[in-house]
1. Filter the stretch 679-714 down to the residues that are closer than 19 Å to residue 777 by Cα, modelled with pLDDT of 95 or more and not in a helix (DSSP H, G or I) and list them by number.
2. If I ask for residues that are open to solvent by 10 Å² or more (accessible area, probe 1.4 Å), modelled with pLDDT of 90 or more and more than 20 Å from residue 262 (Cβ to Cβ), which ones from the stretch 301-320 would you list?
3. In this structure, does residue 428 turn out to be open to solvent by 20 Å² or more (accessible area, probe 1.4 Å), farther than 23 Å from residue 260 by Cα, out of contact with any Cys (no Cβ under 9 Å at 6 or more places or on another chain) and of a type in the set (A, V, I, L, M)?
4. Confirm whether residue 62 is touching a Gly at 6+ places or on another chain (Cβ under 8 Å) and small (Gly, Ala, Ser).
5. Pick out the one residue from 50, 55, 38 that is buried (at least 22 other Cβ atoms within 10 Å of the Cβ) and outside any helix (DSSP H, G or I).
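The values are calculated or read from the model by the stated rules, or taken from the named source; none is laboratory data. As the structure is a computational prediction, the values presented were derived from the model and not from experiment. Here the Cβ positions follow ideal geometry from the backbone for every residue, glycine too, while neighbour counts run over all protein chains shown. Please note that ligands, DNA and RNA were not included when accessible areas were found on the heavy atoms of the full protein model with its side chains. Shrake-Rupley method; radii C 1.70, N 1.55, O 1.52, S 1.80 Å.
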Amino acid sequence: MSNPIRPLVAEFFEHLPFAADPFQRQAVDAIARGQSVVVTAPTGAGKTLVAEAAVHLTIGTGLRAFYTTPIKALSNQKYADFCEMYGSERVGLLTGDNVINGDAPLIVMTTEVLRNMIYAESSALDRLALVVLDEVHYLQDRYRGSVWEEIIIHLPEGIPLVNLSATIANPEEFTAWIRARRGDTELVVETHRPVPLESVYLLEDRHRERQVIGFPVFGSGKRPNPQVEKLLKKGRGRRPRFGAPRRLETVEALLRDNLLPAIYFIFSRAGCDQAASFVAGARLDLTTREERAQIRRIVDERTAHVPPEDLAVLGYTSFIGQLEQGVAAHHAGMVPAFKEAVEDVFAAGLIKVVFATETLALGINMPARSVVLERLSKFTGEAHEVLQPGDYTQLTGRAGRRGIDERGTAVVLHQRDIPFDRIAAIAAQGSHPLESSFQPTYNMAVNLVANYQEADAFALLNASFAQFRAESRREQLEQRIADRRADIEGFRAAAECDRGDLWSFLDTAGTAPDHRIGLRDFLQRTQSGDVLRLSGDERDRWVLLARGWGGNPRLLLVSASGEVRKASADDLSTAIAIVGAMELPEPIRTRDRTYVRAVGRMVRDWEPDPEFSVTAFGDETGGDPVASCPDLQDHLRWVRRIERAERELRRTARRLERDDEGIAEQFRSILRLLSGFGYTDGWLLTEHGERLRFIYNELDLLLTECVEQGILDGLTPADLAAVVSMFTFEARRDDIAGDWPNSLVAERGRQVFETAERLNLAERNERLPESRLPDPGFSAVAHAWAAGAGLDDLFDDEGAAGDFVRNCRQLLDLLRQLRDAVPSVRSSASAAIKAIDRGVVAAGGRF
């Protein structure tokens, strides 16, 4: 009997416009034999073709295939690619935001969607014959990586996996684990990069009129370039000769050396926006008239679904103006329509420089001639950490367009705090071991109880990749503990104040955030025309032109030189004082430069009234000399760094203890906690436990507990949105939440925090990692939007709108879960979904 797969294999390769590489044929042959595969290869080498062949073989025999990706943007892109190949009637998309053609033979989805299907024993798994895990190395992600292991462990037997990974240092170990879980699995490793990569070290020579010069990172044999080492050694001193080129200078150097188009990685959204604005403003003539017309046409098409009034708030005019100059920003803080427009015009070769955060390196097809790394360290949420070799390879993998460029160029800017030999080592190593981030969750625990016998559930946990690697991780955790202790010691020294005992001051005045609240209260009493002294310098005078509203008002200040400054309590020293007042010309015109300059002259000529009663913030803090220190905010920032480092130290120490005990013991602790809260009864689920099975959220148990206590009951749609946002929102910056939208939401929020504190206490007693606290920072905005506010009512900063859309879509996903799982809130949740999913939120993407 002939094998029906072999003709499909031949058909696939015959229709390719190029000859397949040997590693691609090797992987496809293994898939045709019914094996799972692990394919590791550099970015751009052609891993995706293996998955496309596997899909072709599967749906060609009348069965179903799932293609999973870690992010919605990549799912959207793959959905579009497959629609072009097979027609939209044969392809579906499931991302949480979108459900398109869910019964199609080929479904593209985010990884969490498949995990949820498995736990729910969905009928969508019937006739499933293939699962592609794209970017499977994402299982090392500290926040979401467990999902990949859950799929590999729990996917029904007999369904082969196609695992596509970036280059990793331990592919044999990873494949051995996959083989133990899924059966016969072939490892296919490709190390050849189709477009050779050259790494260049770029620096600015301050002895040669800030000339920007580049040197190869490597000398012979992948060793650090001795010429660079010699130069840097000679350039040391109190005033170092070499520094990092500025962004505009770097782009000019790339233009000079014919290295555009480029992706310029900056690990900061604000940094990307500032860079794009500044370089576009320099008008480097990066685009022709014809290219500018094409850019406008494409962008107009991609944003046609966004309401005009929202486009105005989003800063559409300045956005497209930057694009027409051949420059763009790209990061998760942008609204999807703008981000996708950037991807389209860059892919069309019309944009010459994209300033992007690292999310652009994840699978999205945007190759360039060169890639620039401004920094080789990034903030992880707790501390700054140097990039791993695999991160360097992933980021620079976009450099070099196959069939266009003879080579790609990775440009690393001079790093004052990272030695050159370490930079060269990171670039040379190319990869680092794939490690697991697997940890049992409450949702996972109740699903294990529901789907497996007790012995089988423990066997599955002990078979995780995390347990496989637990011993090797122990040494790293011990080193991290030592590093954090050293950090804390250094931070405490940096926090010291020469005016007094900072720690005694904080004991009296409260913690650093509490002290900021006092300063915010002080600023709320200021008014237009007040003359403020911002520091201990009597000449540091500014007049208050306008003050915003809310719990943390922003001040618009003008100095004697006509300088305009926007500031809030987070930006100002506690040495601030109200030293007088002046009458401002009416009407106050904050955007009129002539008016502002005139006010500046008034400040310059202003003389203090000797009878005016000066009001200093320091007078309200008990007269402690620390309170009037002009550098107090810097001291408090070090205090907050100490607090973060201490939190990480506690978490790491508990994680080391858990590793000693093993994942199985951690699972037992979770089961004891769930039993104590009434979610399990022996190895059976209670009604509460059944509800928890279908809540997929970082704070799954806390949310379910709030449901069971009735905290979400009896709320209007807007109030429900405000309370539920506490479970999806997490502030990106170290700031304090705004006001509650009303007293009822405030009361329910207080109940949520009380429940969270009770849960944290139980977690400490069981030596489990503490769940993060809910965050009310988005509640007022969520309430206003659900109540019908417009985008222009919420923001005066277009940079905040992208985060707003992302937060709203996360809120919508959780509201849909509550609608489907909790009858008591179904009506209000449905209405809240309808109220939120409108305008720029509904225009969340191209599908």
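1. 699, 711, 712 - these are the residues of the stretch 679-714 that are closer than 19 Å to residue 777 by Cα, modelled with pLDDT of 95 or more and not in a helix (DSSP H, G or I).
2. Listed by number, the residues that qualify are 301, 316, 317, 318.
3. yes
4. Answer is no for this residue.
5. The match here is 38.
Each row is one residue, and each column tells you yes or no for (1) acidic (Asp, Glu); (2) modelled with pLDDT of 75 or more; (3) outside any helix (DSSP H, G or I); (4) open to solvent by 20 Å² or more (accessible area, probe 1.4 Å).
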| position | (1), (2), (3), (4) |
| --- | --- |
| 474 | no, no, no, yes |
| 477 | no, yes, no, no |
| 480 | no, yes, no, yes |
| 487 | yes, yes, no, yes |
| 491 | no, yes, no, yes |
| 494 | no, yes, no, yes |
| 505 | no, no, no, no |
| 514 | yes, no, no, yes |
| 517 | no, no, no, yes |
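Residue-wise test of (1) small (Gly, Ala, Ser); (2) under 16 Å from residue 393 (Cα atoms); (3) touching a Ser or Thr at 6+ places or on another chain (Cβ under 8 Å).
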| position | (1), (2), (3) |
| --- | --- |
| 120 | yes, no, no |
| 130 | no, no, yes |
| 170 | no, yes, no |
| 193 | no, yes, no |
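This table checks each residue for (1) over 23 Å from residue 443 (Cβ atoms); (2) among the polar types (S, T, N, Q); (3) touching a His at 6+ places or on another chain (Cβ under 9 Å).
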position	(1), (2), (3)
746	yes, no, no
771	no, yes, no
787	yes, no, no
801	yes, no, no
805	yes, no, no
811	no, no, no
832	no, no, no
